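J.: Structure in structure tokens, see below.
Just so it is clear, none of the values below were taken in a lab; they were calculated from the coordinates. Quantities reported herein were computed from a predicted structural model and do not represent experimental measurements.
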Amino acid sequence: MQNPQKRVFGQGQENPRAGLYARVSTHDQQTLPMQLAAMRDYARKRGWEIALEVNDVGSGAALREKREQLIAAAKRRDIDLVVWRLDRWGRSLVDLVNTLQELSSLKVGFVSLSEALDLTTPSGRALAGMLAVFAEFERDILRDRVKAGIAQARKEGRPHGRPPSAALHTKKIKELFRTGSSKRQIANQLGISRASVRRLLAT
């Protein structure tokens, strides 16, 4: 009988290679050893080789280049991903769902210890689907707030709309695209829409 601890993971290897991702704020660095210890212990119990450890300190909601490097390694099938908690991974609910959906579509393994989320299991995929519903709900709320804000600005005769900040990223967008990043990856990394990425790549 096959050992359940050796089941097929993202790469289909008997002994998967894991990438561990830990993130803390500059004011909360004391939890970093706890996160790493929990993930190392989990990987050891599962018999997984730890290939990479990434520690992000003080990154907040800004660009996380280390996380993007880890995602790139996962997409090459070099590693599967383990995090301590989902809020350590996602910059927002929408960002979290987008990355989980992308990894799942590529058959990359992703485990979050605190939520017992494992995208290689049916229950894990079901939870990811539920998160997608909440992400869409969050997008709807944001759209309604924007519409309400524009309507109020028009009523009061004030300027409205976002400044053309996406254009400031033109050079970075083209650089990332040349190095193989997808339009979705670029949009997620820079915090802009894919439509903006497509428009600026065409210029």
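J.: Using amide H atoms built 1.01 Å from N in the peptide plane, name the residues 5+ places from residue 117, or on other chains, whose amide H lies under 5 Å from its own.
T.: Sorted by chain and number, the residues that satisfy this are 112.
J.: Moving on. Using θ = phi - 60° and the Karplus form 6.51 cos²θ - 1.76 cosθ + 1.60, what ³J(HN,Hα) does each residue of region 40-46 get, whole Hz, x for Gly and Pro?
T.: After applying 6.51 cos²θ - 1.76 cosθ + 1.60, I find 4, 5, 4, 4, 4, 5, 7 Hz.
J.: Step through the residues of region 90-107 one at a time and calculate ³J(HN,Hα) from phi using the Karplus curve (6.51 cos²θ - 1.76 cosθ + 1.60, θ = phi - 60°), rounding each to whole Hz and writing x for Gly and Pro.
T.: Values, residue by residue: x, 6, 7, 4, 5, 4, 4, 5, 4, 5, 5, 5, 5, 5, 5, 5, 8, 6 Hz.
J.: Once phi is turned into ³J(HN,Hα) by the Karplus curve 6.51 cos²θ - 1.76 cosθ + 1.60 with θ = phi - 60°, what whole-Hz value does each residue of region 32-38 show in order, with x for glycine and proline?
T.: Whole-Hz 3J(HN,Hα) from phi for region 32-38: 4, x, 5, 4, 5, 4, 5.
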